[in-house]
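Asks: My questions all concern the structure below.
The values are calculated or read from the model by the stated rules, or taken from the named source; none is laboratory data. No experiment lies behind these values; they were computed from the predicted model shown. All Cβ positions, glycine included, derive from the backbone under ideal geometry; neighbour counts span all protein chains shown. Just so you know, the surface numbers come from the protein's heavy atoms only, side chains and all, with ligands and any DNA or RNA stripped out. Shrake-Rupley method; radii C 1.70, N 1.55, O 1.52, S 1.80 Å.
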Amino acid sequence: PFCSSRNQITSVKVDKFSLTLIPDTGMRLSIEVDLGIASAPSATKEMRLSILADLHVEMNPEGNLELVTSDCKPTLEEVQSTEEMDRSAPHKSSASDVDKQINIEKICLEVSKLLLFPNERLMSLAAPFPITPSCQVQYLPLAAPMYSEQGIIISLQTTFQVAGTVIPLPVSPVPFSMPETASSSPSHLILAFSEHFYTSLFSALEESGALNVSLVSSLTTATLAERITQMGSLFQEDLPVVLQAVTRSSPHVVLEEDKAIVKLFLTAQIGAGSSLFQSFLSVNVDVTARLHLSVADTRMIISVAAIEDIELSLASSDVGPVLAALLEELFLPTIREEVPAQINVVLRQGVFLPHIASFTYTDVNITIHKDYVLIPCNLQLEAKTG
């Protein structure tokens, strides 16, 4: 597309294609191409086309990140082709020679076309991703990236949607930025998540009702009546005892070195009845559980690894006073087993990490620190199928 009507490109060989980070500015794209140009049936010249283009990422009016060129400088040199002369010593053609042999003005337009594909992918960064059928997460750029000697820093704001509506989240106590210790990593990419991110995630799950669980106990109303005498008059038949647990206040996540803890605050209505549930006890349940974090493809897999502590306290009773020790004896085994299992079912699909379409993460290493989580990883372009 660069040739005049009297010249024809017969060969193209890309010798160099590099992208260099320019601190505080952006990036520099460098391309060197050897061209064979036929100006007559028996006359061919070898030319070297060099392109230097300055690139940077900015936020467009739609709030998406966009890769743009701020400067483009193409130069064309003729490579001396006689056998007696050193072919590695190019000399620059005059302006008139250049205009005759190649259309320089079109080159920068073609360079800008190279950015169409990465810009399509950058738009996918801000797409909403599902967590559960009714809950989504979205990562929105806060500003244009910053460039340093260590790399490019992109700040994202996380929003959560429940049934398509963005929900208000707990206010972060302090602004979060990339920890300085992350700059020494050799990985392509480092993701940093604040403690507030994980608390907000569980708050969104609470808002969507995903943390409300129904636990079936091994107890029945008859066996329970043996320990709580007033139970006998409530039910005429022997029915399974069920615990219907709902959140009574927002969950909270605490990050320490090599340790992530979630604290859940539930109220369990304990009762029975197949068609009409009849509650006879209301128990406050405070659960402290350790979380396990891993990454699969572009998803962070979060699971409850172990229960560290459970506190039960009687909130109300229709069957008279019940001692705390008896509550623990009767209901603690069910809560200890079923609460982690049901929360893990909710989280089984994982939480999508910020990512660009067509790329996946490899060589992932998660480290948990006080107040934040670091995820160094490498980028891998997914193979096209079909």
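Asks: So what is the relative contact order of the stretch 235-372, in percent, for Cα pairs below 8 Å that sit 6 or more residues apart? Please report the intermediate quantities before stating the final value.
Replies: Working: 242 pairs, mean separation 32.6, N = 138.
After rounding, I find 24 percent.
Asks: Just want to confirm a number: the relative contact order over the stretch 128-369, from Cα pairs under 8 angstrom separated by 6+ residues, in percent. Before the final figure, lay out the partial values.
Replies: Details: 422 pairs, mean separation 38.5, N = 242.
Reported relative contact order: 16 percent.
Asks: Using packing as a proxy for protection, rank 249-255, 184-190, 305-311, 169-175 so that the peptide with the highest average count of other Cβ atoms within 10 Å comes first.
Replies: Listed from highest to lowest mean packing, they are 249-255, 184-190, 305-311, 169-175.
Asks: Once ligands and nucleic acids are excluded and a 1.4 Å probe is used, how much of VAL216 is accessible, expressed in Å² to the nearest 10?
Replies: 90
Asks: Further question: How much mean residue ellipticity at 222 nm does the chain get from its helices, if each DSSP H run of length 4 or more adds -39500 (n - 2.57) and you divide by all residues, to the nearest 500 deg cm²/dmol?
Replies: Details: 6 runs with 67 residues, N = 386.
Taken over the chain, the calculation gives -5500 deg cm²/dmol.
Asks: Students sometimes get this wrong: rank LYS370, LYS263 by accessible area, probe 1.4 Å, all chains present, largest first. Please report the intermediate quantities before stating the final value.
Replies: Details: LYS370 105, LYS263 75 Å².
The residues order as LYS370, LYS263, largest area first.
Asks: Considering only protein heavy atoms and a probe of 1.4 Å, how much of the accessible area of the chain is carbon and sulfur, as a whole percent? Provide the component values of the computation, followed by the final result.
Replies: Numbers: 10990 of 20710 Å².
Answer for the chain: carbon and sulfur cover 53 percent of the accessible area.
Asks: How high is the relative contact order of the stretch 179-289, in percent, counting Cα pairs under 8 Å that sit 6 or more residues apart? The partial results should precede the final answer.
Replies: Values: 165 pairs, mean separation 23.0, N = 111.
About 21 percent, as a whole number.
Asks: As a test question: what accessible area, to the nearest 10 Å², does CYS108 have when a 1.4 Å probe is rolled over all protein chains in place?
Replies: 40
Asks: How much solvent-accessible surface does ASP24 expose, in Å² to the nearest 10, with a 1.4 Å probe and all protein chains in place?
Replies: About 140 Å², rounded to the nearest 10.
Asks: Moving on to the next point. For LYS13, go through the aspartates and glutamates and keep the ones whose alpha-carbon is under 14 Å away, minus same-chain ones fewer than eight residues off.
Replies: GLU32, ASP34, GLU46
Asks: In the chain, if the dipole is taken from +1 on Lys/Arg beta carbons and -1 on Asp/Glu beta carbons about the Cα centre, which of ALA289, HIS355, VAL68 is farthest to the positive end?
Replies: In the chain, that residue is VAL68.
Asks: Over the chain, average the accessible area per residue using a 1.4 Å probe and give it in Å², no decimals.
Replies: Details: 20710 Å² over 386 residues.
On a per-residue basis, the chain sits at 54 Å².
Asks: Mind checking which aspartates and glutamates have their C-alpha under 15 Å from LYS113, skipping anything on the same chain fewer than 8 residues away?
Replies: List returned: ASP54, GLU66, ASP71, GLU105.
Asks: Largest first, please: the extent of the C-alpha atoms of the stretch 128-369 along each principal axis, to the nearest Å.
Replies: Computed over the Cα atoms, the extents are 75, 35, 31 Å.
Asks: Can you give me the Kirkwood hydrodynamic radius for the stretch 272-386, using every pair of distinct Cα atoms, in Å to one decimal? Write out the running numbers ahead of the final one.
Replies: Values: mean 1/r = 0.0560 Å⁻¹.
It works out to 17.8 Å.
Asks: Which of VAL373, VAL162, VAL33 ends up with the largest GNM mean-square fluctuation for the chain, with Cα atoms connected below 10 Å?
Replies: VAL33
Asks: What is the dipole size for the chain, taken about its Cα centre, with +1 at each Lys and Arg Cβ and -1 at each Asp and Glu Cβ, in debye to the nearest 20? Please list the in-between numbers first.
Replies: Details: 23 positive and 44 negative charges, 154 e Å.
About 740 debye.
Asks: So which residue, out of ASP34, ASP54, ASP286, gets the largest mean-square fluctuation from a GNM of the chain using Cα contacts under 10 Å as springs?
Replies: Greatest mean-square fluctuation among the candidates belongs to ASP34.
Asks: Something else: So which aspartates and glutamates pass the test for LYS370, namely a Cα distance under 12 Å, with those fewer than 8 places away in the same chain ruled out?
Replies: GLU195, GLU256, GLU257, ASP258
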